[in-house]
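**Q** This is the structure I want to talk about, given as structure tokens.
The values are calculated or read from the model by the stated rules, or taken from the named source; none is laboratory data. Because the structure is a prediction, the values reported are computed rather than measured. Heads up, the Cβs are rebuilt from the backbone with ideal geometry, glycines too, and the neighbour counts pull from every protein chain shown.
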């Protein structure tokens, strides 16, 4: 009887110790979440929010390494915007993550959790399960455990957080999964709010810059002066931007395409030089002029298919049509961001860019073009 009572007391003592440990762990997690949330405020930028979120997640007990991927929807493309806990993070920052349709990232992003179910995907033993494949996340250790939590907000998937631990089964505990999902969820909402705030500020800045651009366009004496104004105001709106101007020439190439005179106001680097005089540039320019539609380009990527370029939704450069008239020829304005720019141009920029091109068109009609230009031939 005494032996049974002693065993019961021992069992109750162990249960009490376990409850104390759980309470201590919950209290620690609550403090962690509170400290984490207080680091976000109305003045934090999008990039700062990413760094704050990654730093906090990396210091969570369950996490040995963490990476953040950002994109526009479930199908990508996704690029690394931050990574912690690996030997050479700079080898991946800014790089696109391969996303095969059979990959674990795609599976995590397209998954729609049931009500009450956590929105995440875990791998208990990377080595034993053979996933993800090494080429999907080259920085990931070949063993341990993995957890992927999508970044979602306002009905869109904007990316994913990839968490790794060098030990197996780390993320299988419900408490750990829920804790980390809360952190990533808070980060996701903060990123969406930061992006909306930055977008509204960017639009306001664009309106002011466009008003100033319109005022400066009056009385411009030459194409060279026009390029200087366009470069200055475009840089104010989008960050560092190189501006190139293609104006239609009276000559015609043997291929039947129109020819263009190129005006460049900046010192052109080798990569830009190759793009400006690439074999396909004349066909792209002719298409933009005839269709009166802009297209996105990237000078660092060879043009494999012109059809593929026509349907791009973003790029480091954009070709915008300049409408001509009976008195003046049309042309194309090229805005080109340098390698490593904070963000590529996308469709949200097109209204502003078309306004810039229309202002350039009005200015061109009131000036004489210079002979200091390069004739672009096929």
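**Q** Residue check, residue 316 against (1) under 21 Å from residue 348 (Cβ atoms); (2) at pLDDT below 80, all met but one. Which one?
**A** That leaves (2) as the condition not met.
**Q** Please work out which one of (1) surrounded by fewer than 16 Cβ atoms within 10 Å (Cβ to Cβ); (2) modelled with pLDDT of 90 or more is the condition residue 149 fails and give its number.
**A** So residue 149 meets the others, but not (1).
**Q** Return the only residue of 154, 189, 178 being in the same structural domain as residue 49 (by TED's automatic domain parsing), touching a helix residue (DSSP H, G or I) at 6+ places or on another chain (Cβ under 7 Å) and within 24 Å of residue 113 (Cβ to Cβ).
**A** Numbers: 189 fails: touching a helix residue (DSSP H, G or I) at 6+ places or on another chain (Cβ under 7 Å); 178 fails: touching a helix residue (DSSP H, G or I) at 6+ places or on another chain (Cβ under 7 Å).
From the options 154, 189, 178, the qualifying one is 154.
**Q** Could you count how many residues in the stretch 114-132 are under 24 Å from the mean Cα position of the chain (by Cα) and under 15 Å from residue 102 (Cβ atoms)?
**A** At the first step, the residues of the stretch 114-132 found to be under 24 Å from the mean Cα position of the chain (by Cα) are 119-121, 132.
Keeping just the survivors that are under 15 Å from residue 102 (Cβ atoms) gives 121, 132.
Adding up the residues that qualify gives 2.
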